[in-house]
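Chemist: This is the structure I have questions about; it appears just below.
The values are calculated or read from the model by the stated rules, or taken from the named source; none is laboratory data. Since this is a predicted model, take the numbers as computed values, not measurements. In this analysis, Cβ positions are derived from the backbone assuming ideal geometry, glycine residues included, and neighbour counts consider all displayed protein chains. For accessibility, only protein heavy atoms count, side chains too; no ligands or nucleic acids. Shrake-Rupley method; radii C 1.70, N 1.55, O 1.52, S 1.80 Å.
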Amino acid sequence: MKQKTAIILGATGLTGSILLEKLLNDDRYRKIKVFARNHVQQKHEKIEEYLINLFELEKFADLFTADEVYCCIGSTQKKTPDNDTYRMVDFGIPATAAKLCNRNQIGTFQVISAMGADEKSTFFYNRIKGEMEGAVLEQQISNTYILQPSLIGGKREESRPFEFIWKKIMSVGDSLLIGSLKKYRSIHPEIIVDAMIYLANNDYRSGKIPSDEIKKIAEKN
């Protein structure tokens, strides 16, 4: 079986770092290209690292070649309080990556969005995510998977006090969310990663994938 090349954007983040580790240990992949501002912690012969300004990703179009692209980029309004910069991160980088996939005929593109993404939302965060999803779908990449997780669990390196408190609440509240409310349960980043790897290596319908469906897919991996 031909081994594949994958691109990861956001490999230094919580979900992206788990994804990188799993792809490095997956014999189906021979090379993992990482486009980032900083070095990843892992050292491995499969890693091909490009330290760049991700806002200028389009300048590196000739290097942006692979079988699959995983976009795990995301910020918070606390971490990026300037709305223009926030939009450049959460909309600009994924939208540009999708354009490069189209240009370079990369057949699989996956991006982590969020539950509640809606381009018509009055909430800035949800609206930007919704606009990003629309821009990605416009590229009509054959296998496009937009994952919409609920609150992502796990320990982050940066401090997010509100998110920390909410996670503590959800650790108790998850058990109360049953039936149609299950999709609002928090989700561990490793579950998201397992779903992404499954989607990249199996037939599955393209489109938006809500949090509860992400968990079901992960169980197949």
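Chemist: Take the residues in the stretch 83-115 that are of a type in the set (S, T, N, Q) and at pLDDT 95 or above; name whichever of them is surrounded by the most Cβ atoms within 10 Å (Cβ to Cβ).
Modeler: Pass one, the stretch 83-115, residues of a type in the set (S, T, N, Q): 83, 85, 96, 102, 104-105, 108, 110, 113.
This time we only want the ones that are at pLDDT 95 or above, so: 96, 102, 104-105, 108, 110, 113.
Working: Thr96: 21, Asn102: 14, Asn104: 14, Gln105: 9, Thr108: 22, Gln110: 25, Ser113: 23.
The qualifying residue surrounded by the most Cβ atoms within 10 Å (Cβ to Cβ) is Gln110.
Chemist: Starting from the stretch 2-17, keep only residues that are more than 16 Å from Ala97 (Cβ to Cβ), then list their pairs with residues that are among the basic types (Lys, Arg) and part of a loop (DSSP other than H, G, I, E, B) whose Cβ atoms are within a distance under 7 Å, requiring at least 6 positions of separation or different chains.
Modeler: Gln3/Arg28; Lys4/Arg28; Leu14/Arg156
Chemist: State which residue pairs qualify: first residue more than 12 Å from Ile191 (Cβ to Cβ) and inside the stretch 205-221, second residue part of a loop (DSSP other than H, G, I, E, B) and open to solvent by 40 Å² or more (accessible area, probe 1.4 Å) in any location, beta carbons under 8 Å apart, and separation of 6 or more residues or different chains.
Modeler: Here the result reads Ser206/Ser142; Pro210/Met115, each pair linking the stretch 205-221 to a residue that is part of a loop (DSSP other than H, G, I, E, B) and open to solvent by 40 Å² or more (accessible area, probe 1.4 Å).
Chemist: Any residue that is over 27 Å from Ser206 (Cα atoms) and out of contact with any strand residue (DSSP E or B) (no Cβ under 8 Å at 6 or more places or on another chain) - is there at least one of those in the stretch 49-58?
Modeler: Of all residues in the stretch 49-58, those over 27 Å from Ser206 (Cα atoms) come to 49-53, 56.
From the residues that got through so far, the ones that are out of contact with any strand residue (DSSP E or B) (no Cβ under 8 Å at 6 or more places or on another chain) too are 53, 56.
Yes: one or more hits.
Chemist: Looking only at the stretch 77-110, how many residues end up being of a type in the set (Ser, Thr, Tyr), more than 18 Å from Glu133 (Cβ to Cβ) and outside any helix (DSSP H, G or I)?
Modeler: The qualifying residues number 1.
Chemist: Can you name the number of the only condition in (1) in contact with a Gly (Cβ under 6 Å, 6 or more places away or on another chain); (2) open to solvent by 40 Å² or more (accessible area, probe 1.4 Å) that Leu137 fails?
Modeler: Result: Leu137 passes all but (1).
Chemist: Among the residues of the stretch 31-66, what is the count of those that are in a loop (DSSP other than H, G, I, E, B) and either within 15 Å of the chain's Cα centre (by Cα) or buried (at least 18 other Cβ atoms within 10 Å of the Cβ) (or both)? I'd like the intermediate steps shown before the answer.
Modeler: As a first pass, look at the stretch 31-66 and keep what is in a loop (DSSP other than H, G, I, E, B): 37-46, 52-53, 64-66.
If we keep only those that are either within 15 Å of the chain's Cα centre (by Cα) or buried (at least 18 other Cβ atoms within 10 Å of the Cβ) (or both) as well, we get 40, 46, 64, 66.
Number satisfying all stated conditions: 4.
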